[in-house]
Structures are given as structure tokens and as C-alpha cells.
Amino acid sequence: MNIEKIDHILKEHEYNHSAIISIMQDVQGIENYLPEDTLRYISEKLELKLTRIFDIATFYKTFTFVTIGNDIFYITIRVCSGTACHLGGAVKNLEQIQRTINIQEGETTDDRMFSLETVNCLGACALAPVMVIDEDYYDAVNPGDIKKILSSYHSEPER
């Protein structure tokens with residue numbers, strides 16, 4: 001755990017309890033996962049119960065407690081399946097993604113370019129339906145947008 005970086009993140013968010021999701025996103029961006037010792041440190045610094053932090057981290061599928069390494073070559077597509085997104089057409093978006101890249105939820109393409117997941121909530125209900133590709137959020141997505149969105153990732157240099 002790099003305490004200086006964690007302290008910087010906490011300071012950026014003004015030690016605000018309501019920023020816990022953003023804080024965890026920033027930590028995961030540095031660590032590639034949420035280490036328990038880091039969450040304990042954040043709990044102490046924010047004076048927020050550790051169980052509350054774990055409740056939040058386990059609710060959002062975007063967070064992981066297992067290191068995923070730095071050498072992942074595929075792009076993760078996360079489709080929100082929360083209530084607002086579901087009602088807004090997330091199922092049709094998911095089906096279009098599956099047709100476009102020829103994989104099912106939970107799979108990775110043969111070329112290891114894309115991995116597809118559904119998540120319970122991305123915390124952006126007002127922007128539904130939402131999907132996230134790596135760290136890029138796309139709001140008000142409809143099936144007609146999918147091919148254009150995904151094609152922009154095919155032109156990126158190898159990671």
C-alpha cells in the first residue's frame with residue numbers, strides 16, 4: 001500500500017464519506033484491485049465502518065478484491081443491469097453487444113480483445129442505460145450505438 005497515494009486520493013475527495021465509491025475507484029485504478037489493508041486504512045481515515053465499505057464494494061461488481069495484474073490485454077465491457085438501466089433497454093444493448101462481438105456474458109473473445117460482464121449497478125441511474133468500457137462511461141446507449149462505440153476500441157494500439 002502506498003500511503004502517500006492513498007492520502008492524496010482521500011485529500012482530493014476531502015475525506016468525504018459520500019465520495020467512498022469514487023475513492024475506491026481511484027484506489028482500484030492504482031492497485032488494480034481493493035487490498036484489504038488499504039480499505040482498513042481508508043476506514044480509519046474516514047472514520048467509516050469497514051463493514052460499510054465492504055458492503056459498498058461487494059454491491060458493485062466493478063470492484064474486485066483479487067489482484068488482476070497489469071498485463072490484461074482485453075477490454076472489459078460492463079453493461080449495467082440495474083432497475084433504471086433494465087427499464088431503459090439494457091437487455092437489448094447486451095444482446096446487440098453479444099451479436100457484434102460474438103460472445104456471451106462472462107466470456108472473452110477468442111482474440112482476447114473484449115470481455116463482457118453485466119453488473120448490478122454502475123451508480124449512474126440518471127444516465128440509464130449505461131455501459132462502461134474499461135473506464136469510459138457511455139450513457140443513454142441504444143442498440144444502434146453499439147457498433148460505433150466498439151469500433152473505436154478496435155483502432156486503439158495494442159495494450
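The values are calculated or read from the model by the stated rules, or taken from the named source; none is laboratory data. The structure displayed is predicted, hence computed values, not measured ones. No Cβ is skipped: glycine too gets one built from the backbone with ideal geometry, and neighbour counts run over all protein chains shown. The accessibility values were calculated without ligands, DNA or RNA, using every heavy atom of the protein model including side chains. Shrake-Rupley method; radii C 1.70, N 1.55, O 1.52, S 1.80 Å.
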message = Can you tell me which lysines have their Cα less than 29 Å from the Cα of Lys45? Leave out same-chain residues fewer than eight positions away.
response = Lys5, Lys11, Lys61
ask   = How high is the relative contact order of the chain, in percent, counting Cα pairs under 8 Å that sit 6 or more residues apart?
value = 20
note = The FRET efficiency for Thr83 and Glu107, from their Cβ-Cβ distance with R0 = 22 Å and rounded to 0.05, is 0.30
note = Taking 0.36 nm per residue of separation between Lys5 and Phe65 and subtracting their Cα-Cα distance, the length gained on full extension comes to 19.7 nm
Accessible-area composition of the chain, carbon plus sulfur, in percent [1.4 Å probe] = 48
inquiry  = Every cysteine in the chain with no other Cys Cβ under 4.7 Å from its Cβ, please list them in numeric order.
reply    = Cys121, Cys125
query = Solvent-accessible area per residue for the chain at a 1.4 Å probe radius, Å²?
reply = 59
query = Based on the Cβ-Cβ distance of Glu44 and Glu117, what FRET efficiency does E = 1/(1 + (r/R0)^6) give at R0 = 30 Å, to the nearest 0.05?
reply = 0.40
inquiry  = Can you classify the chain as rounded, prolate or oblate using the Cα gyration tensor, where a ≥ b ≥ c are the square roots of its eigenvalues, rounded means a/c under 1.5, and otherwise it's prolate if a/b beats b/c and oblate if not?
reply    = prolate
request  = Ignoring everything but the protein chains, give the 1.4 Å probe accessible area of Glu44 in square angstrom, nearest 10.
outcome  = 130
key: Distance in nm between pseudo-label sites at Thr58 and Val91 (7 Å out along the Cβ direction from Cα)   = 2.9
remark   = Yeah, the stretch 3-59 with a ≥ b ≥ c from its alpha-carbon gyration tensor (a/c under 1.5 is rounded, else prolate when a/b outruns b/c, oblate otherwise) is rounded
message = If I stretch the segment between Asn32 and Asp145 completely, what's the gain in nm (0.36 nm per residue apart, minus their alpha carbon distance), one decimal?
response = 37.8 nm
